[in-house]
Amino acid sequence: MSITVESSPDGATKRTGQRVREALLGWAFLLPAMAIFVTFFYYPLYRLIDMSLHRENRFGTAAPYVGPSQLVDTLSGSDFLEGVKHSGLYMVYTVPLGILLGILLAVAANRRLKGIRVFQTIFSSTVATSVAVASVIFFTLVNPEVGYFKDVSWLSLSNPDTALFSVSLSSVWQNLGLTFIIVLASLQAIPTEVEEAAALDGYGPVRHFLRITVPLISPALMFLAVVLVVAALQAYAQIEVLTNGGPGTSTQTLLFKIADPQGIRPLGIRASMSIGLFALTAIVAAGQYALLSKRVHYGD
Amino acid sequence: MSGVTFDEVTKRFGDTTAVENMSLEVADGEFMVLLGPSGCGKSTALRMIAGLEEVSDGMLSIGNRVVNNIPPRERDIAMVFQSYALYPHMSVRKNIESPLVANRANRLPAGERSERIDEAAEVLGLTDYLDRKPGELSGGQRQRVALARAIVRRPEVFLMDEPLSNLDAKLRTQTRLELVELHRRLRTTFVYVTHDQVEAMTMADRIAIINDGHVQQVGRPQEVYDRPANLFVARFIGSPPMNTISGTVGTSGTGGNVATEAGVVAVAELSGSRAGDEVVLGVRPEYLKPRDPSKDDPGAGGLRARVENIEMLGHERHLLTRVGNEVMVARLDPALPPPSIGDEVVLEADAANVYLFDPSTTERLGSGTSTPTATVVADG
């Protein structure tokens with residue numbers, strides 16, 4: 001086999017026609033990706049910023065330019081800050097608990113036992129359930145009138161102090177399937193010989209898990225931390241189905257306020273909040289990366 | 001230090017028996033190689049010593065202690081795996097230190113730990129790599145880290161499961177030497193599993209040849225080469241392996257002969273077989289050579305063969321021939337002019353170095369008593 005490289009006799013004075021053709025070909029290759037990014041990312045982002053600079057009137061018929069004042073007012077206003085607080089709490093409630101439960105289930109199911117596949121299937125089933133359906137199922141459990149857990153005070157949806165936590169539990173449950181599958185897959189990717197070497201070295205079960213297993217599945221845990229944080233910041237359907245933001249505003253996360261199903265906030269304010277959410281997501285992701293990436297070990 | 005004793009040990013996985021009624025004594029300080037083809041049960045035997053597999057039946061002891069029900073970490077053994085099994089997230093130093101800190105109850109003081117690590121690193125030439133991660137090391141270096149992790153705990157027994165299989169040929173030869181030196185220095189019991197008979201022959205004090213879950217023969221390398229107990233051992237030890245062909249015993253003069261489909265072979269020692277007995281005749285390639293065509297004597301016997309290929313190895317030539325339905329290999333002196341491919345030749349076997357095997361039991365006739373080889377094996 002041989003590879004021949006065709007080079008023009010004088011590379012420096014390549015004919016202009018050929019250069020133009022190559023450039024056009026390059027752009028043609030870029031076009032599909034560009035089209036998608038422009039349509040679904042860059043243009044919406046431009047529109048979002050544009051909207052945040054205009055203030056709609058009450059009827060949505062006119063939107064004069066107001067400059068960045070609306071953005072500044074919104075991001076320092078109590079409505080936005082309450083949204084940040086609720087979204088932050090939602091994150092704190094769902095991410096660590098979700099990862100912990102996923103690890104527990106995966107460790108329990110990572111055995112060579114008869115019928116273990118049945119449990120593996122059950123544990124991962126929430127992946128195939130839509131958020132709306134899962135929320136309705138969860139609602140039958142916590143429904144204040146007829147739910148099985150209607151007397152469990154810390155699960156109450158009608159108490160402003162517990163409603164957000166209760167809703168977040170439905171998220172934990174819904175994400176569990178994904179967490180379980182990812183952790184189980186990475187547990188099963190640990191070479192048997194490494195496990196055996198650890199057993200011979202003398203690690204007991206707890207130290208084995210903390211010193212050997214956790215570092216070896218750390219890339220999966222990092223991935224889950226990022227995915228679950230994004231999921232927490234984007235949670236919407238479960239809130240709408242379970243509490244519709246109430247009681248009062250106690251379950252209004254930032255995203256809920258932006259989506260604004262009751263239509264309270266003008267477009268310009270929601271656009272400003274979106275920019276705030278964008279910034280918040282970027283900050284959290286950067287923080288996570290800085291904090292965790294040094295502890296994550298990616299193979300060899 | 002202590003030896004390892006298998007007393008009629010059996011290991012079953014469901015319906016399959018991996019090791020059956022195995023009895024084997026590994027002496028204190030001995031370098032024992034378990035040799036056999038893949039799937040023969042040698043690794044299972046090793047893993048039973050480690051405690052990674054349970055013993056189904058029989059008794060397994062390390063030193064004077066029966067270890068059937070003792071967990072791996074309390075057996076005072078160290079194991080080196082084929083894939084090295086290093087902890088990828090730990091530095092070389094942490095990897096080597098691991099067996100010393102894994103069990104909190106019998107952890108050594110930090111000073112002694114680092115002394116032992118430095119010593120092991122020194123022995124294996126890893127001093128400059130202690131702060132690296134395994135991923136930054138070559139295959140040979142990783143294998144040495146695995147060895148260092150094993151020696152740092154000063155175990156009663158070293159277990160090695162094909163530790164050289166992932167290394168390239170040159171490194172394998174070098175590491176082989178290092179392992180032998182390590183054994184000489186430590187004087188600890190080594191149990192070493194391999195399918196490579198060269199590794200077994202070059203390193204072992206004694207070899208246990210295993211097939212189908214049974215020990216076929218245990219002996220010093222030269223012993224199993226010169227006095228194979230049965231056809232399996234005869235064909236497994238030696239490269240190229242021993243040539244075999246079936247025939248019928250006849251007598252003539254002082255010795256005897258074996259008539260095969262391709263001709264008659266003179267045999268110096270009939271090893272108890274009588275005229276008319278069916279036998280399998282075996283002869284090693286170095287004792288088989290084509291007869292000089294100029295001295296051809298139709299009455300002299302020999303095996304009619306056709307040359308199929310000639311392999312040049314520099315210091316010797318292997319003549320691959322077809323004899324009846326068998327392929328037979330003769331080892332030739334490269335100084336002599338070789339026949340050409342396709343030539344008809346007559347192969348002569350050295351009558352004093354012909355082995356006879358019982359075709360039904362596959363045992364070598366006269367095994368244990370007489371030695372067909374002219375050379376006497378020196379002990380030690």
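The values are calculated or read from the model by the stated rules, or taken from the named source; none is laboratory data. The model shown is predicted, which means the values in this text are computed figures rather than measured ones. All Cβ positions, glycine included, derive from the backbone under ideal geometry; neighbour counts span all protein chains shown.
The table below gives the values:
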{"read-out": "Unmet criterion (only one of (1) among the hydrophobic types (A, V, I, L, M, F, W, C); (2) within 14 Å of chain A (Cβ to nearest Cβ); (3) over 12 Å from B:Glu97 (Cα atoms)) for B:Ala146", "value": "(3)"}
{"read-out": "Close pairs (7 angstrom Cβ cut-off, 6 or more residues apart or separate chains): within 14 Å of another protein chain (Cβ to nearest Cβ) in the range A:272-300, assigned to a helix (DSSP H, G or I) and among the hydroxyl-bearing types (Ser, Thr, Tyr) anywhere", "value": "A:Arg295/A:Ser218; A:Val296/A:Ser218; A:His297/A:Ser218"}
{"read-out": "Count - residues of the range B:222-269 that are aliphatic (A, V, I, L, M), over 19 Å from B:Val329 (Cβ atoms) and either part of a loop (DSSP other than H, G, I, E, B) or assigned by TED's automatic domain parsing to the domain that holds B:Val283 (or both)", "value": "7"}
{"read-out": "Selected residue (only one of B:Gly125, B:Gly63, B:Gly111 is more than 14 Å from chain A (Cβ to nearest Cβ) and in contact (Cβ under 8 Å) with a residue 60 or more places away in the chain)", "value": "B:Gly63"}
{"read-out": "Residue among B:Arg132, B:Arg185 that alone is within 14 Å of chain A (Cβ to nearest Cβ) and surrounded by fewer than 19 Cβ atoms within 10 Å (Cβ to Cβ)", "value": "B:Arg132"}
{"read-out": "Output for the range B:116-130, where each listed residue is of a type in the set (Asp, Glu) and either closer than 16 Å to B:Arg149 by Cβ or not assigned by TED's automatic domain parsing to the domain that holds B:Ile151 (or both)", "value": "B:Asp118, B:Glu119, B:Glu122"}
{"read-out": "Selection from the range B:1-58 of residues that are within 14 Å of chain A (Cβ to nearest Cβ) and not in a strand (DSSP E or B)", "value": "B:Gly14, B:Ser43, B:Thr44, B:Leu46, B:Arg47, B:Met48, B:Ile49, B:Ala50, B:Gly51, B:Leu52, B:Glu53, B:Glu54"}
{"read-out": "Residue match in the range A:207-221 (condition: farther than 30 Å from A:Gly263 by Cβ, within 14 Å of the chain's Cα centre (by Cα) and either part of a helix (DSSP H, G or I) or within 14 Å of another protein chain (Cβ to nearest Cβ) (or both))", "value": "yes"}
{"read-out": "The listed residue being surrounded by fewer than 18 Cβ atoms within 10 Å (Cβ to Cβ), under 30 Å from B:Glu178 (Cα atoms) and not β-branched (Val, Ile, Thr), out of B:Gly41, B:Gly14, B:Gly51, B:Gly29", "value": "B:Gly29"}
{"read-out": "Residue in the range A:198-206 that is more than 19 Å from A:Val92 (Cα to Cα), within 14 Å of another protein chain (Cβ to nearest Cβ), surrounded by fewer than 18 Cβ atoms within 10 Å (Cβ to Cβ) and not aliphatic (A, V, I, L, M) present", "value": "yes"}
{"read-out": "Test result for B:Met79, in contact (Cβ under 8 Å) with a residue 12 or more places away in the chain, within 14 Å of chain A (Cβ to nearest Cβ) and assigned to a strand (DSSP E or B)", "value": "yes"}
{"read-out": "Criterion: more than 21 Å from B:Pro359 (Cα to Cα) and buried (at least 22 other Cβ atoms within 10 Å of the Cβ) - qualifying residue of B:Ile207, B:Ile237", "value": "B:Ile207"}
{"read-out": "Test result for B:Thr202, in a helix (DSSP H, G or I) and free of Cβ contacts under 8 Å to residues at least 40 places away in the same chain", "value": "yes"}
{"read-out": "Subset of the range B:196-205 (residues that are under 20 Å from B:Ser23 (Cα atoms) and under 9 Å from the mean Cα position of the chain (by Cα))", "value": "B:Ala200, B:Ala204"}
{"read-out": "Residue count, the range B:69-100 (criterion: more than 28 Å from the chain's Cα centre (by Cα) and closer than 22 Å to B:Leu186 by Cβ)", "value": "10"}
{"read-out": "Scope the range A:272-300; condition in a helix (DSSP H, G or I), aliphatic (A, V, I, L, M) and under 26 Å from A:Val214 (Cβ atoms); matching residues", "value": "A:Val284, A:Ala285, A:Ala286, A:Ala290, A:Leu291, A:Leu292"}
{"read-out": "Failed condition for A:Gln188, given (1) farther than 25 Å from B:Ala78 by Cα; (2) more than 11 Å from every other protein chain (Cβ to nearest Cβ); (3) surrounded by fewer than 21 Cβ atoms within 10 Å (Cβ to Cβ)", "value": "(1)"}
{"read-out": "Of residues in the range A:236-264 being among the aliphatic types (A, V, I, L, M) and assigned to a helix (DSSP H, G or I), the one nearest to A:Lys85 (Cα to Cα)", "value": "A:Leu254"}
{"read-out": "Out of B:Val193, B:Val218, sole residue that is surrounded by 21 or more Cβ atoms within 10 Å (Cβ to Cβ), in contact (Cβ under 8 Å) with a residue 24 or more places away in the chain, in a strand (DSSP E or B) and under 12 Å from the mean Cα position of the chain (by Cα)", "value": "B:Val193"}
{"read-out": "Some residue of the range A:173-182 being over 14 Å from A:Ala220 (Cα atoms), aromatic (Phe, Trp, Tyr) and surrounded by 18 or more Cβ atoms within 10 Å (Cβ to Cβ)", "value": "yes"}
{"read-out": "Qualifying positions in the range A:222-239 - away from chain B (no Cβ under 14 Å) and touching a residue at least 60 places away in the same chain (Cβ under 8 Å)", "value": "A:Leu224, A:Ala225, A:Val226, A:Leu228, A:Val229, A:Ala231, A:Ala232, A:Leu233, A:Ala235, A:Ala237, A:Gln238, A:Ile239"}
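Listed here are the residues, each with its yes/no results for (1) in contact with a helix residue (DSSP H, G or I) (Cβ under 6 Å, 6 or more places away or on another chain); (2) among the small types (Gly, Ala, Ser); (3) under 25 Å from B:Ala45 (Cα atoms).
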residue: B:Gly140; (1), (2), (3): yes, yes, no
residue: B:Val145; (1), (2), (3): yes, no, yes
residue: B:Ile151; (1), (2), (3): yes, no, yes
residue: B:Leu164; (1), (2), (3): yes, no, yes
residue: B:Asp168; (1), (2), (3): no, no, no
residue: B:Thr175; (1), (2), (3): no, no, yes
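Residues checked against (1) within 21 Å of the chain's Cα centre (by Cα); (2) among the hydrophobic types (A, V, I, L, M, F, W, C):
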{"residue": "A:Glu82", "(1), (2)": "yes, no"}
{"residue": "A:Lys85", "(1), (2)": "yes, no"}
{"residue": "A:Met91", "(1), (2)": "yes, yes"}
{"residue": "A:Pro96", "(1), (2)": "yes, no"}
{"residue": "A:Ile103", "(1), (2)": "yes, yes"}
{"residue": "A:Ala109", "(1), (2)": "no, yes"}
